[in-house]
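The values are calculated or read from the model by the stated rules, or taken from the named source; none is laboratory data. Keep in mind the model is a prediction, meaning the values are calculated, not measured. For neighbour counting, all protein chains shown are included, and Cβ atoms are generated from backbone atoms with ideal geometry for every residue, glycine included.
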Amino acid sequence: MTTTAVTTGTVNPNQRRVALTGNEAVALAMRQINPDVVAAYPITPQTDIVQYFSSFVADGRVDTEFVTVESEHSAMSATVGAVAAGARAMTATSANGLALMWEVLYIAAGSRLPIVMPVVNRALSAPLNIHCDHSDAMGARDSGWVQLWSENAQEAYDNVIQAVRVAEHPKVLLPVMVCLDGFIISHALLNLHVLEDAAVRAFVGRYRPDHTLLDPERPVTVGPLDLYDFYFEHKRQQAEAMSEARAVILQVAEDYTRLSGRRYGFFEAHRLEDADSAVVVLGSAAGTARFVVDELRRRGRKVGLLKLRVFRPFPGRELAETLARLQTVAVLDRAEGFSTAGGPLFTEVRSALYALAEDGGRGPASPGAPPLTMNFIYGLGGRDLDPGDIESVFDRLATAVETGSTRTPDTGRVGPLIEYLGVRE
Amino acid sequence: MTVREGAGWREIPRGGLILTAGNATAYKTGAWRTFRPVWHPDRCIQCLLCWIYCPDAAIVVKDGKVAGVDYRYCKGCGVCATECPDKAHALEMTREEAGGET
């Protein structure tokens, strides 16, 4: 099933409970994976990951060749080279570091190199800001990387381990970003369940590439010139791999559930079965939204939450089928795409709903008009999202249901669909 | 594995991987040419500078002597004509009329 919730109800006995920050949890997952190569450059708020991991290297707790580089462009380049040479390689970054990796992100994906990279989400400059928003990862959404998003340190830990299997699956062979919110997740302590080292090593297995640069018996060329005669075919292959990743992500999640007791899917559907209105979110905002949904439910309001975990590939069909029968949906974007047509998450959710509506009664969803959709942009540069903000979103949705329209006489609105949550007028 | 010309996306190695060594000869670059080096055997002093400098392998040498230009690969860069000693002037660049590999 695609609509699985994360539960820690049944914790398998091969785990212990520890208090870790998100960055510590990610560094621990990396230690347990024990990659052959890590090449990284520190940047706030990712720094701890690299710092903790370098101490694991110094203490001999991993077999990793740790490459200190002079920039993120080099970090990703060294990682690309290592994976092409047959190593399991990882790096991690944030914000402007991710931006500096830009061209190499496409080279990693286009060369089909299964790199796993935690991205600790932070606002892009300018103006300079070190706090959380999703502008970094959203900017890389079309680079051909799988994107898994995390609500908290537990999910960041679990996603990093699963990402290895997704990336290296023979039908996928694509790089994977594991996104976690800067500071909110990366620096906050959480009691989480972690697996034993041996369990993680067994789960990720050994990386056995079919072709490597270091095999003199079977020499290969990686990244050659590829003009109008074959480039298009290679992009078509890449699209197919991203499509194949859908089933692989679910299969790996199922295997991981058997190991950990925690369930993952494309998204978590919280109290959506009989809901009239819902919010769609990525990342740590889901915790706040879930709290508000439960609170409003106690007051008798039929509200729900869809927390997206997999943004690339985008599970449009499954998401639309889950939301189709609702009256209103608010999509919360922690990034301003400046398209004036809505944030990046909004445009995709809305498009998916439209596609399902076009499909009419043929799909499992009920035919008819799709839900009214609204876009709320929030939390840029680390601006807090509090329960009152989410409640105000549900109030706006209720007004939209009453009036049959998402339009309001607000001032300061860029487009008819976009509202800014928590900005000062 | 040799990739067939015109092969579909399901048939080719992923991500542009080339799985055979020494495959550059399979890639004919002569069609790139807009200027064509013309070799005059009567003026050639057999210094082999053109062969040394050719960035491809388009100067044909037989029995240790320059024997012509391989137009299947020559991209028309003109390095050979530039390096050919002035007193010999055995390689001249002319405008490519029809293009092609011959």
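Points worth noting:
- Meets criteria (in contact with a Ser or Thr (Cβ under 6 Å, 6 or more places away or on another chain) and at positive phi) for residue A:223: yes
- In the range A:102-114 there is no residue matching the filter, namely being closer than 29 Å to residue A:285 by Cα, charged (D, E, K, R) and without any contact (Cβ under 8 Å) to a residue 60 or more places away in the chain.
- Residue tally, condition in a helix (DSSP H, G or I) and within 12 Å of residue A:234 (Cα to Cα), over the range B:8-28: 3
- There is no residue in the range A:89-96 that is closer than 27 Å to residue A:218 by Cβ, buried (at least 24 other Cβ atoms within 10 Å of the Cβ), within 14 Å of another protein chain (Cβ to nearest Cβ) and in contact with a helix residue (DSSP H, G or I) (Cβ under 6 Å, 6 or more places away or on another chain).
- Restricting the range A:220-256 to residues that are in contact with a strand residue (DSSP E or B) (Cβ under 9 Å, 6 or more places away or on another chain) and within 9 Å of another protein chain (Cβ to nearest Cβ), the residue that is nearest to residue A:162 (Cα to Cα): A:222
- For beta carbons closer than 7 Å, sequence separation of 6+ or different chains, a first residue in the range A:20-45 that is of a type in the set (Phe, Trp, Tyr) and a second that is buried (at least 21 other Cβ atoms within 10 Å of the Cβ), the qualifying pairs are A:41/A:72; A:41/A:75; A:41/A:97.
- Number of the exception - residue B:31 against (1) touching a residue at least 60 places away in the same chain (Cβ under 8 Å); (2) in a helix (DSSP H, G or I); (3) surrounded by 14 or more Cβ atoms within 10 Å (Cβ to Cβ): (3)
- Just one of the listed residues (B:32, B:9, B:39) is over 30 Å from residue A:174 (Cβ atoms), within 14 Å of chain A (Cβ to nearest Cβ) and of a type in the set (Phe, Trp, Tyr), namely B:32.
- Summed over the range B:19-74, residues that are within 11 Å of the chain's Cα centre (by Cα) and among the acidic types (Asp, Glu) total 2.
- Filter result for residue B:18 (under 24 Å from residue A:112 (Cα atoms), modelled with pLDDT of 95 or more and either surrounded by 14 or more Cβ atoms within 10 Å (Cβ to Cβ) or small (Gly, Ala, Ser) (or both)): no
- Residue count for the range A:110-134, restricted to those that are crowded, with 24+ Cβ neighbours inside 10 Å and within 14 Å of residue A:98 (Cβ to Cβ): 11
- Flag for residue A:190 being surrounded by fewer than 24 Cβ atoms within 10 Å (Cβ to Cβ) and in a strand (DSSP E or B): yes
- Helices (runs of 4 or more DSSP H) contained in the range A:1-115 and holding at least 2 residues among the β-branched types (Val, Ile, Thr) and over 19 Å from the mean Cα position of the chain (by Cα): A:47-58, A:72-84, A:102-110
- Criterion (surrounded by fewer than 17 Cβ atoms within 10 Å (Cβ to Cβ), out of contact with any Gly (no Cβ under 7 Å at 6 or more places or on another chain) and of a type outside the set (Phe, Trp, Tyr)) met by exactly one of A:48, A:59: A:59
- Within the range A:211-218, one or more residues are away from chain B (no Cβ under 14 Å), over 15 Å from residue A:20 (Cβ atoms) and not β-branched (Val, Ile, Thr).
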